[in-house]
Each structure stands twice: as C-alpha cells, then as structure tokens.
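Chemist: I have a structure I would like to understand better, so I am pasting it below and will then ask my questions one at a time.
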Amino acid sequence: MITRELIDPKSIVVIGGSKDITKPGGKVLKNLIDGNFKGELMVGNPKEDEVQGIKSYRDPKDIPDVELAIIAIAAKYTPDTVKLLTEEKGTKAIIIISAGFSEESEEGKKLEEQLVEQCNKYNCALIGPNCTGVLTPNYHGVFTLPIPKLHIKGASLVSGSGATACFIMEAGIQAGLSFSSVFTVGNSAQMGIEEIVKYMDETYDPKASSDIKLLYIENIQKPKMLLKHASSLIRKGCKIAAIKAGASEAGSRAASSHTGALASSDVAVDALFKKAGIVRCHGRGELIAVASVFMHKELKGKNMAIITHAGGPAVMLTDAFEKGGLKVPHIKGPDADELLENLFPGSSVANPIDFLATGTAEQLGTIIDFVENKFDEIDGMVVIFGTPGLTEIFDVYQMLDQKMKSAKKPIYPVLPSITTAEKEVEEFVSGGRIYFSDEVVLGNALGKVARNNPPMTDITGLPEVKVDMIRQVIEKAGNGYLSTEDIHRILDATGIGRAPEKVVTQKEEAIAFAEEIGYPLVMKVVGPVHKSDVGGVVLNIQNQTTAEKEFERLMRIQDTHAVLVTSMLSGTEIFIGAKREDKFGHLVFCGLGGIFIEVLKDVNSALVPVNKKEALKMIRNLKGYGIVKGVRGQEGVNEDIFADYVSRISVLLTEAPEIFEMDLNPLLGTEDSITAVDARIRIEK
C-alpha cells in the first residue's frame, strides 16, 4: 500500500547517510538538501554526529519518530533497522536503496521476505529494495542524477530499473520533457509498478495530477491490477506509454496446437496493453517520442501538413506518416495559390509545404496561419526547421512558439540543428517547449499514438451460451484433449456452427454415415496430434469405393483408433483459437486458417472477454484482411458471424476456465455462413 508518508513526508531519516557523496547514502542526502526538503531531515550514522550539516544519530534507538526512512546500509542489517523503525519510531514509509536481496541470492530473498512481513504488519509502505529511490515535488529521495524539472503536469515515470529511469530522464530533459514524479521499484518486494499505477488511479485529480504516465516494466506480476487501473486512468483522460522488456521468450514451448505455438507471455502483454489502451514502446527513444507527442495538443484526425525548408526530411517524414496510417494530402485551390504568392519563387505549397532554405520567420507564420485557418482538411502540422549555421534563427523559433500558443491544431516542431542552433533550441525549450530532433522518430511515434485504441475493458453486449451444457462436459472431463463427441457438445452449447460429422471405428459405419450426409466427404484420423503430417486427412472423397479404401488406409496409421467422417465443404479457411496464459487469463486469437496460420502467422489476439466490436477490430487489423473481405472476385467471409464466433469463444473461456488451449482450424467461411470443420480442446484443471 502507498501511504501519505511516502508521497509527502514531514520528516525523513537517511540510515547510512554519509559525507562521501560518491556513495549512495551520501548522494541521496545531498539531493534531499539540494531539493530544499521542507520537513525535518536527519541521519543515522554510527560514526558521525553531523553529516553534510545535518544532525546524525550514532545509535538508531536515539532517532526521533520519523515518517520516512531511506536506507542505504548493508542488506544484512536492514531487517533489524526496519523492525526498530516500524515498531518504535512510527515510520510508515521506507525506501531501501541497498542491494544484496532477492536479486543476488536465496539468503537475500529470505531477508527481503522478512522486510515485507514486517512492513505489512505495521501498514508501512516499502519501496525496493535495490532501487534508486523516489522523486516527487516534495522531496528528492534518489541517489542518482539527473534531477529533472518537476512540474505538476509533467510525466509520471514508474520504472522497474533505476538506471533505466535515469537514462529515460536524460533523453526526456534534452527534448524539453518535464516530469512530475519518478518511482523506481527495484525488486518490487512489497509494491511493484502495478501498485503504483493503482495508487495513481485511486488518487487521480484532473487539476492536480499528471496526465502522462510512462512505465518501464520488466515483470508483470499482477496483470489484472495493471489492466484495471491503467484503463481507468486512460478513461479519466490520462495517456500511458510503456516499455515491456524481455520480449524474446520462445512462444512454442511444448505447444501441441497452432494456438500454443503462437501464444507467449509477450503476446499476452501486447493483448493487455491493447485492452487497456496503453501505447507500447520498444525503446527509450520511442518512449520519449511518444511522451512528447502526448504533451502536445491532441491530434483529432489523420491528415497532416508538413512545413519545411528542407526537402529530404519532408520526404522521409511523408514515408513515415504513410507507413503509420497518417496522410499527407495534396493541397490545392485558390487558398493554396494565395499562400504561394506570399513565398519566394520556387516554393511549393502542394504538401509538403516547402518554403526553401531562404524562408523567413514571417513566411513561416503566414504558412501556419493558412494551415490553421484556411485548409480545413488538415488536422495537424509538423514544422521542420534547422540551419546550416550561416545565420541565427532565434526569430524563427520565437515565431514558432507564438503560433503554437495560438493555434488550435497541434504543431509538432522538428528542430534538427541541435548543435549548430544549440542556443536557439535552448531558448525554445526554456520557454516550456518540447521538440523532436528527428522527423522519422516523430512520424513513427505520432502514427503509433494515432493507431492506439481506447480502453476495451467495459465489455457489454456479450452473446449468451448454454452454460449448464458446457459445465456438464467440463466437470466430467479429465485433463487432456476432449473427445470428438464432447467437442461437439461444447461447440453446440457455445453456438458455433459445425459440419455434420461422426467418429467411426468400423468401415460399415463410415459408409452408412456417408450415405446419410452425401458425397463428397472428408476423412480424418482420430489419435495422431498433427493429422496432415502423417497423411491422416483425405479430402474430396467422391464415392463409396474410395471411401472404403481410404478408411482402411487411415486405420493403419500409427496411433489411429478411429476415423472422423464429415462433409466436404468449401469456403475461405479462417481460424479461432485460445490459450490460457499464466496470471493473464485467457487469450483468444483469430486469423486466416489452414496452412496460412503456420506460414504467415497472421493472427490477432485479445484478453477475454471480447465483445463483437473488439472482435471486428481484431479481424480488420489482420494483414490478410483483404482475403477475409474477398479479393479479385473471390467470395469473402461474413465478418459479422466471424466476430460473433470470436466473442462466443471468449464467453466459453470465461465459463470454462479449465480450457487450457483450443483450436478451431479451419473454419470455412462464406458470405452466408461459417462452419467449424476441425476442432481441438485441451483441458487442464
């Protein structure tokens, strides 16, 4: 739990505070002093009576009651110190910057567990151990640099790595980004990133809280907590961007289904971020770029104007915008002609608007006014302006700053001359401006933000399924794969259309069923896991003679104990699957089916539950969506039924959490119907 004493302490003691500011205990004390902490500040040091001008207590028992303790002593001494603070000194917040705990050894892990137990017993907030500290407008409780400019509407940074937090701040400060608070959680012994986000949600005040949250995450221990509170913050008006490191885990671990091979913890992270509305970033530079986009006025559409005096960057930015789903529409007409008359000969207003290397501050202001007031089709603009160093460009950046204040449309400044125009850029930033030094980095970040969906956690309009029938099958089933008959019951109860089929063990049964449903037929072995690999699937059986011959051949295949007989249907092969991922719950997948899933792996995933609206987004974001729609005269797939089936499977997973893995592959889709022709369901209770 986060306490008031952690956020706004009236008194702080640095246990292990030192005169040596090259040591953590010395530097954190110096940062507290330099940050003008307004409460009572004291030190615990067995060798000193005064440290950096602050009273020091040689015996910890002599320390007065204190609200927050920052501990920088050897790991082995921390349990006794924490016990004293919580039991005798009324301490309700502790930051342990010391290392040597669970990150190092089993013995260290036991020490860490003692700390958590003690802090929980006395309702004391514990940050760390093995962290760099906490930075708020109230106190600078970190032993690191930089200390950024703190502003109530700056970005809140929560990081699992102290060093990474420093590097993120370094890049952000250079770009003009301000921060409101920084939490580094280290080993997350008591509280991790999820608890910090929860606190930010529960205490959010639109007037007094930061609207930008930046997360660096190495482990998600409580995904449901993160999903709940991140999505809640975003619905309240916040914007969240996050890096989740450690994305290279192999996804096929012992998987026996297509879904299992596609699913991994990183896929689950992606699904969680999409569900919550979090913008996922893959590096510090991208995180800062996205945060910088957040700090500008919100882009309300996808049409961009590029205003530049250099052709190359404009071309590269246009490419980045097109790739990211943003448009750079052609500008023409009387207003465009009028604008051109205000520029030097050789300029272009077609978009990009190029006003040449000789362009002036006055011309830039005129261009921005035209884009703002006369070109209604434009939603936002990027200004790219650097210098070869021939003249100073203070007037250009002053004009840019003035127009950014007055324009309703967002203006994103790209200032590439960070060395040649260093003084001008510094002046621009000193006025509270945030800039981009690379147009492609901006283009990619802006596209990523524009493509990001709002939270999808308020699920309504879920289809109904026959819960009693589903539970009857699940409760009598053991671990492993359901029989064909039980799969049929599950599909019927869920409302998934399926082909008429029957599992037979005798040739006579096969022929009798064939006569009942009519030719052509499909026959598949029952037993082997991957039927196609062993020659266990026969399509387009046209007559009884072929049916008898193939039945006999299939029954001779190793591990086969029966044959499934079904109608030969036609349509586009699509796929729906599901996988239970540790801590996250169930993921549901959809994509193109058959061999496409193996070769292209073109699937999208979502955390359950999924309603039809979210399912439609999954379908329409497939790379192969053109095939689903129908291409070159080929019949497409009924998207409404496809989305309904995805939603129905998500409800099934909610009602039957014992399902560990399932495949509907393929389903055959036409404009009128979708039919499951093969399904596998694995139970793990």
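Chemist: Which residue pairs have Cβ atoms closer than 7 Å, lie 6 or more positions apart in sequence or on different chains, and pair a first residue in region 106-126 that is within 13 Å of Asn187 (Cβ to Cβ) with a second residue that is hydroxyl-bearing (Ser, Thr, Tyr)?
Modeler: Taking only residues 6 or more apart or on different chains, the pairs are Gly108/Ser102; Lys109/Ser102; Leu111/Thr78; Glu112/Ser102; Leu115/Thr78.
Chemist: Would you list the strands (runs of 3 or more DSSP E) that sit entirely within region 18-102 and hold 1 or more residues that are among the aromatic types (Phe, Trp, Tyr) and touching a strand residue (DSSP E or B) at 6+ places or on another chain (Cβ under 7 Å)?
Modeler: Details: elements: 40-44, 54-57, 68-71, 93-96.
Counting at least 1 such residues, we get 54-57.
Chemist: With Ile649, Ile619, Ile641 as the choices, which residue is under 28 Å from Gly536 (Cβ atoms) and β-branched (Val, Ile, Thr)?
Modeler: When all the criteria are applied, what remains is Ile649.
This table checks each residue for (1) surrounded by fewer than 18 Cβ atoms within 10 Å (Cβ to Cβ); (2) over 21 Å from Pro129 (Cα atoms); (3) out of contact with any Lys or Arg (no Cβ under 7 Å at 6 or more places or on another chain); (4) at pLDDT 95 or above.
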position	(1), (2), (3), (4)
Val185	no, no, yes, yes
Glu194	no, no, no, yes
Lys198	no, no, yes, yes
Asp205	yes, yes, yes, yes
Lys213	no, yes, yes, yes
Leu233	no, yes, no, yes
Lys236	yes, yes, yes, yes
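Chemist: For region 323-359, what are the residues that are free of Cβ contacts under 8 Å to residues at least 60 places away in the same chain, in a helix (DSSP H, G or I) and farther than 15 Å from Phe375 by Cβ?
Modeler: Residues of region 323-359 free of Cβ contacts under 8 Å to residues at least 60 places away in the same chain: 327-359.
When the remaining residues are screened for being in a helix (DSSP H, G or I), the result is 334-341.
The one that is free of Cβ contacts under 8 Å to residues at least 60 places away in the same chain, in a helix (DSSP H, G or I) and farther than 15 Å from Phe375 by Cβ: Glu341.
Chemist: Determine whether Ala578 is modelled with pLDDT of 95 or more, in a strand (DSSP E or B) and within 24 Å of the chain's Cα centre (by Cα). So that I can check it myself, show each step before the final result.
Modeler: Values: modelled with pLDDT of 95 or more: yes; in a strand (DSSP E or B): yes; within 24 Å of the chain's Cα centre (by Cα): yes.
So Ala578 fits the description; yes.
Chemist: Name, by its number, the condition in (1) at negative phi; (2) within 23 Å of the chain's Cα centre (by Cα) that does not hold for Lys583.
Modeler: (1)
Chemist: Can you tell me which residues in region 605-660 are small (Gly, Ala, Ser), in contact with a Leu (Cβ under 8 Å, 6 or more places away or on another chain) and under 30 Å from Asn479 (Cβ atoms)?
Modeler: At the first step, the residues of region 605-660 found to be small (Gly, Ala, Ser) are 605-606, 615, 624, 626, 630, 633, 636, 643, 647, 650, 656.
Cutting the leftovers down to in contact with a Leu (Cβ under 8 Å, 6 or more places away or on another chain) gives us 605-606, 624, 643, 647, 650.
The answer is Ser605, Ala606, Ser647, Ser650.
Chemist: State which residue pairs qualify: first residue under 18 Å from Ile73 (Cα atoms) and inside region 33-48, second residue part of a loop (DSSP other than H, G, I, E, B) and hydroxyl-bearing (Ser, Thr, Tyr) in any location, beta carbons under 8 Å apart, and separation of 6 or more residues or different chains.
Modeler: Note: pairs meeting the criteria are Asn45/Ser18.
Chemist: Write out, first by first residue and then by second, each pair whose Cβ atoms fall under 9 Å of each other, whose residues are 6+ apart or on separate chains, and whose first residue, in region 621-638, is among the acidic types (Asp, Glu) while the second is surrounded by 18 or more Cβ atoms within 10 Å (Cβ to Cβ).
Modeler: The qualifying pairs are Glu635/Gly571; Glu635/Thr572; Glu635/Gly669.
Chemist: When you check Gly636 against the structure, is it modelled with pLDDT under 95 and part of a loop (DSSP other than H, G, I, E, B), yes or no?
Modeler: On the way: modelled with pLDDT under 95: yes; part of a loop (DSSP other than H, G, I, E, B): yes.
Taking the combined requirement at face value, the residue satisfies it.
Chemist: Right, next: If you go through region 543-586 one residue at a time, how many are of a type in the set (Val, Ile, Thr) and over 30 Å from Asn638 (Cβ atoms)? I'd like the intermediate steps shown before the answer.
Modeler: The initial filter retains those residues of region 543-586 that are of a type in the set (Val, Ile, Thr), namely 545-546, 557, 560, 563, 565-566, 572, 574, 576.
When the remaining residues are screened for being over 30 Å from Asn638 (Cβ atoms), the result is 545-546, 557, 560, 563.
The total comes to 5.
Chemist: Pick from region 470-519 the residues that are over 25 Å from Leu653 (Cβ atoms) and among the basic types (Lys, Arg): which of them is surrounded by the fewest Cβ atoms within 10 Å (Cβ to Cβ)?
Modeler: In this case the residue turns out to be Lys507.
Chemist: Just need a number here: residues in region 588-619 that are touching a strand residue (DSSP E or B) at 6+ places or on another chain (Cβ under 9 Å) and either aromatic (Phe, Trp, Tyr) or more than 18 Å from Thr460 (Cα to Cα) (or both).
Modeler: 16
Chemist: Pull up region 388-443, narrow it to residues that are among the basic types (Lys, Arg) and without any contact (Cβ under 8 Å) to a residue 60 or more places away in the chain, then point me to the one that is nearest to Val315 (Cα to Cα).
Modeler: If we filter region 388-443 for residues that are among the basic types (Lys, Arg), which is where we start, we get 403, 405, 408-409, 423, 433.
When the remaining residues are screened for being without any contact (Cβ under 8 Å) to a residue 60 or more places away in the chain, the result is 403, 405, 423.
Numbers: Lys403: 24, Lys405: 27, Lys423: 27 Å.
Result: Lys403.
Chemist: Go through region 129-228 and tell me which strands (runs of 3 or more DSSP E), entirely inside it, have 1 or more residues that are in contact (Cβ under 8 Å) with a residue 12 or more places away in the chain and closer than 28 Å to Asp20 by Cα. Break it down into steps so the answer makes sense when it comes.
Modeler: On the way: elements: 133-136, 139-142, 150-159, 179-184, 212-217.
In region 129-228, 133-136, 139-142, 150-159, 179-184 are the strands (runs of 3 or more DSSP E) which contain 1 or more residues that are in contact (Cβ under 8 Å) with a residue 12 or more places away in the chain and closer than 28 Å to Asp20 by Cα.
Chemist: Are any residues in region 320-374 of a type in the set (Gly, Ala, Ser) and within 17 Å of Pro413 (Cα to Cα), and if so, which ones?
Modeler: The first filter runs over region 320-374 and keeps only residues of a type in the set (Gly, Ala, Ser), leaving 320, 324-325, 333, 336, 346-348, 350, 357, 359, 361, 365.
Residues satisfying the conditions are Ala320, Ala357, Gly359, Ala361, Gly365.
Chemist: Then there is this: Got at least one residue in region 299-316 being out of contact with any strand residue (DSSP E or B) (no Cβ under 7 Å at 6 or more places or on another chain), among the aliphatic types (A, V, I, L, M), touching a residue at least 40 places away in the same chain (Cβ under 8 Å) and surrounded by fewer than 24 Cβ atoms within 10 Å (Cβ to Cβ)?
Modeler: Yes, region 299-316 has at least one match.
Chemist: Which one of Asp663, Asp644 is touching a residue at least 24 places away in the same chain (Cβ under 8 Å) and in contact with an Asp or Glu (Cβ under 8 Å, 6 or more places away or on another chain)? Spell out how you get there, then give the answer.
Modeler: On the way: Asp644 fails: in contact with an Asp or Glu (Cβ under 8 Å, 6 or more places away or on another chain).
After applying the criteria, what remains is Asp663.
The values are calculated or read from the model by the stated rules, or taken from the named source; none is laboratory data. Every value quoted in this text rests on a predicted model; they were computed, and no experiment measured them. Note: ideal-geometry Cβ built from the backbone for every residue, glycine included; neighbour counts use all protein chains shown.
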